[in-house]
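Chemist: Pasting in a structure now, in structure tokens, and then I'll have a few things to ask.
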Amino acid sequence: MKDGILFINKPQGLTSRDVVNQISKIYQTKKVGHTGTLDPLATGVLIICLGKYTKLVEELTSSEKEYIATMKLGIKTDTGDITGNILEKKEVTVSQNEIEKSFQAFPKEYIQTVPIYSAVKVNGKKLYEYAREKKSVELPKRKVWIKNLEILHIKKDKIIFKTIVSKGTYIRSLLEDLAKSFNELATMESLVRTKQGKVSLENCLELKDIHIETPLKKVADIFDYPQIEIDEETKRKVENGNKLFLTAKEPKVFITFQEEIIAIYEKQENCYKMIFKVI
């Protein structure tokens, strides 16, 4: 079985699950997972884990993400993007100055409503299933962090902006909330995930170019943890999955033997516990 990670530039028109299924066929394994859903409309960084590296999916999903989004003003759709049915239209009257002020004043953290067209489950059922069945459901809310919000271009009824957000942030919802802040309607016209954690779009491969001999990335390619070199005796403890008592203070560290990374350990009270074994 192949163990490792792929950095893929997800093409438009495919779901993240579609990409996982294609990778599963190429590498002939069912042990494949992605680390952050992208809508079919969206493109960009999609990190795929294979084999034992699927244990790192949650760790990678929690990393912050950077996007470039295009919002079209004057319309609201049921899906929150341009592919949906138009629910409302209005003439765009906001000035560039008002838009810029609203972007600058937008909160760095706020309670965001999860969009109805999403895979979040309520009472064991995915929200988009309620939407398709035209059933009402109370949409969940969650606290999100907007670490950066930068306007790149404003032209008539379109705004292109870049943002860095926390795990669980829906850009479709952020976009609508931004528009509300300057009293306009908006829907998402395009979205590119340009970065996730330390992985940038320029590091990614095109899905069509991936084959069974494509080299897989390893832990050093995705994390920047301090390295702690150990001796032969301690290596045996790592091989057995034992806790380690280290003088380090960092939350997570790479454990190395003869300068090769063999495990990731996480600090827990007075010791370090293994969270991933490389060897």
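Chemist: Quick check: convex hull over the Cα atoms of the range 4-95, volume per residue in Å³, rounded to an integer?
Modeler: Value for the range 4-95: 113 Å³ per residue.
Chemist: Of the heavy-atom accessible surface of the chain (probe 1.4 angstrom), what whole percent is carbon and sulfur?
Modeler: 47 percent
Chemist: OK, next. Can you give me the long-range amide H partners of TRP145? Hydrogens built in the peptide plane at 1.01 Å from N, cutoff under 5 Å, separation of 5 or more residues or another chain.
Modeler: Hits under the 5 Å cutoff: SER166.
Chemist: How far, in degrees from 0 to 90, does helix 16-27 lean away from the longest principal axis of the Cα atoms of the chain, to the nearest 10?
Modeler: Rounded to the nearest ten degrees, it is 40.
Chemist: Determine the distance separating the Cα centre of the range 1-72 from the Cα centre of the range 202-273; give it in Å without decimals.
Modeler: 21 Å
Chemist: Further, regarding this structure: By average Cβ neighbour count within 10 Å, what is the ranking of 48-60, 235-247, 20-32 from highest down?
Modeler: 48-60, 20-32, 235-247
Chemist: Counting only helical runs of four or more DSSP H residues, what would the 222 nm mean residue ellipticity of the chain come to if each run contributes -39,500 (n - 2.57) and the total is spread over all its residues?
Modeler: Value at 222 nm, helices only: -5000 deg cm²/dmol.
Chemist: Under the rule a/c < 1.5 gives rounded, and otherwise a/b versus b/c splits prolate from oblate, where does the range 62-171 land using the Cα gyration tensor?
Modeler: oblate
Chemist: Report, for the range 135-279, the % of DSSP beta bridges that are antiparallel, rounded to 5.
Modeler: Taking every DSSP beta bridge with both residues in the range 135-279, the antiparallel ones total about 90 percent.
Chemist: GluC sites (Glu not before Pro), restricted to the range 169-216: which are DSSP loop and have at most 12 other Cβ atoms within 10 Å?
Modeler: Hits after loop and neighbour filter: GLU213.
Chemist: Okay, moving on. Give the angle, between 0 and 90 degrees and rounded to the nearest 10, that separates the Cα long axis of helix 96-105 from the longest principal axis of the Cα atoms of the chain.
Modeler: 40 degrees
Chemist: Given the pairs LYS55/LYS143; LYS25/LYS198; LYS10/LYS252; LYS31/LYS55, which span a C-alpha to C-alpha distance of over 22 angstrom in this model?
Modeler: LYS55/LYS143; LYS25/LYS198; LYS10/LYS252
Chemist: Could you report the chain's accessible area per residue, 1.4 Å probe, as an integer in Å²?
Modeler: 54 Å²
Chemist: Stick to the Cα atoms of the chain, pair each with every other, and give me the Kirkwood hydrodynamic radius in Å at one decimal.
Modeler: 20.9 Å is the Kirkwood radius here.
Chemist: Could you give the alpha-carbon Rg of the range 87-137 over 2.2 N^0.38 Å, rounded to two decimals?
Modeler: Scaled against compact globular proteins, the figure is 1.69.
Chemist: Just ASP78, ASP221, ASP231 to compare: in a GNM of the chain, with alpha carbon springs under 10 Å, which one fluctuates most?
Modeler: Evaluated over the chain, the most mobile residue of the options is ASP231.
Chemist: So which residue, out of THR234, THR83, THR15, gets the largest mean-square fluctuation from a GNM of the chain using Cα contacts under 10 Å as springs?
Modeler: Ranking THR234, THR83, THR15 by mean-square fluctuation puts THR234 first.
The values are calculated or read from the model by the stated rules, or taken from the named source; none is laboratory data. The shown structure was predicted, so the numbers you read here are calculated from the model rather than taken from an experiment. A quick note on method: Cβ atoms are made from the backbone with ideal geometry, for glycine too, and the neighbour counts reach across all protein chains shown. The accessibility values were calculated without ligands, DNA or RNA, using every heavy atom of the protein model including side chains. Shrake-Rupley method; radii C 1.70, N 1.55, O 1.52, S 1.80 Å.
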